[in-house]
Amino acid sequence: MSKFFLFLWEHRQSLIFLLLLLISLAVLSLPGRQRFHLARRINRAVITPFQMVVSQVDYFLHLKKENEILRKNNFILALEVYRLEEAKKQNQRFERLLEFTSQTPIHFIACKVISGGIGEKADIFIIDKGTVHGVVPNLPVLVPEGLVGKIIETDAKRSVVQLYTHQDFRVSAKPSQKEERAIVGSGPGGELYLFNIPLRTQVKPGDLIVSSGMGGIFPKGIPVGTVAELEKEEEMEITLRAILTPAVDLDQVSEVFVLADTAFVSPKAGLLFEASDSLVNLWNEH
């Protein structure tokens with residue numbers, strides 16, 4: 001039925017002409033006075049309403065076309081606004097990264113995240129630098145906000161980063177203003193915890209947890225997270241654990257820095273290595 005009406009509308013001029021022709025022939029066959037009265041009735045009853053309908057339909061179609069053009073233009077403008085906002089965010093991120101690396105002569109390798117970090121239990125990044133750039137396993141991976149993870153595999157031009165959400169990730173850590181060491185690790189759902197805290201502890205909600213420098217991989221002073229709350233360990237309940245709010249939101253990370261400065265890291269030395277300096281001042285200045 002819709003095709004039929006569409007056909008009538010597309011050929012409306014021809015149909016109108018045919019209708020008027022038939023009406024004219026019918027009118028011409030009448031006597032003069034009747035012809036005049038009939039013509040007026042036909043004009044009032046048929047032609048004028050039909051013209052009004054045609055005019056309204058034309059207006060509606062024209063308005064519909066204008067609306068489609070406006071919607072298209074609005075969509076293009078929305079995309080442009082989004083592009084500008086993303087460019088602004090990227091510029092701000094680059095400024096922050098540049099400020100982070102330029103305030104100190106520490107040797108970092110700047111890298112771009114090219115894959116990974118997708119899903120509820122994302123636990124690796126793949127970055128665009130490898131052994132030809134000086135990246136080797138067990139180097140810390142950072143951003144201006146704090147710790148991201150460590151390098152676990154490399155080839156010539158790519159490397160795999162084990163994120164702090166990985167089940168095997170561990171880092172010796174402590175409150176930034178205290179000397180009470182514990183271990184930071186990931187829970188089953190990627191939550192970040194500070195484990196093995198004594199029941200009589202000075203750790204409290206709001207404390208910033210940083211790497212302690214023990215363990216031979218992560219230098220002292222890298223922000224890991226902030227204590228959200230304390231709870232008893234689930235098994236023996238003779239120690240506490242702290243639920244941490246991570247310092248770094250991995251969903252927002254697209255560029256990272258690999259710490260490759262021999263004053264702070266020595267992957268070959270492993271547990272025997274002791275950094276000659278702390279990174280605490282880097283974040284204090286930042």
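In segment 101-142, the residue that is surrounded by the most Cβ atoms within 10 Å (Cβ to Cβ) out of those that are modelled with pLDDT under 65 and farther than 21 Å from Gln167 by Cβ is Thr101. Just one of (1) surrounded by fewer than 16 Cβ atoms within 10 Å (Cβ to Cβ); (2) in contact with a His (Cβ under 8 Å, 6 or more places away or on another chain); (3) over 22 Å from Ile124 (Cβ atoms) fails for Thr239. It is (2).
Please verify whether Phe94 is surrounded by fewer than 16 Cβ atoms within 10 Å (Cβ to Cβ), at pLDDT below 65 and either in the same structural domain as Phe169 (by TED's automatic domain parsing) or within 17 Å of the chain's Cα centre (by Cα) (or both), treating the condition exactly as stated. Yes: the conditions hold for Phe94.
Screening the candidates Lys174, Lys157, Lys150 for the property of being touching a residue at least 12 places away in the same chain (Cβ under 8 Å), surrounded by fewer than 21 Cβ atoms within 10 Å (Cβ to Cβ) and either part of a loop (DSSP other than H, G, I, E, B) or in the same structural domain as Ala242 (by TED's automatic domain parsing) (or both) yields one hit, Lys157.
Screening Phe257, Phe273 for residues that are modelled with pLDDT of 75 or more, aromatic (Phe, Trp, Tyr) and surrounded by 13 or more Cβ atoms within 10 Å (Cβ to Cβ) leaves exactly one candidate, Phe257. When Ile209 is tested against (1) buried (at least 17 other Cβ atoms within 10 Å of the Cβ); (2) touching a residue at least 40 places away in the same chain (Cβ under 8 Å); (3) not acidic (Asp, Glu), exactly one condition is not met: (2).
Residue count for segment 212-235, restricted to those that are touching a residue at least 60 places away in the same chain (Cβ under 8 Å) and assigned to a strand (DSSP E or B): 3. Could you list all residues from segment 203-218 that are among the hydrophobic types (A, V, I, L, M, F, W, C) and within 27 Å of Asn138 (Cα to Cα)? Correct list: Leu208, Ile209, Val210, Met214, Ile217, Phe218.
If the condition is being surrounded by 15 or more Cβ atoms within 10 Å (Cβ to Cβ) and of a type in the set (S, T, N, Q), then segment 180-206 contributes Ser186, Thr201. Among the candidates Ile183, Ile238, Ile197, the residue that is more than 28 Å from the chain's Cα centre (by Cα) and either outside the structural domain of Asp168 (by TED's automatic domain parsing) or at pLDDT 90 or above (or both) is uniquely Ile183.
The values are calculated or read from the model by the stated rules, or taken from the named source; none is laboratory data. Note that the structure is a prediction, hence the values are computed from the model and not measured. Positions of Cβ are generated from backbone atoms using ideal geometry, with glycine treated the same way; all protein chains shown enter the neighbour counts.
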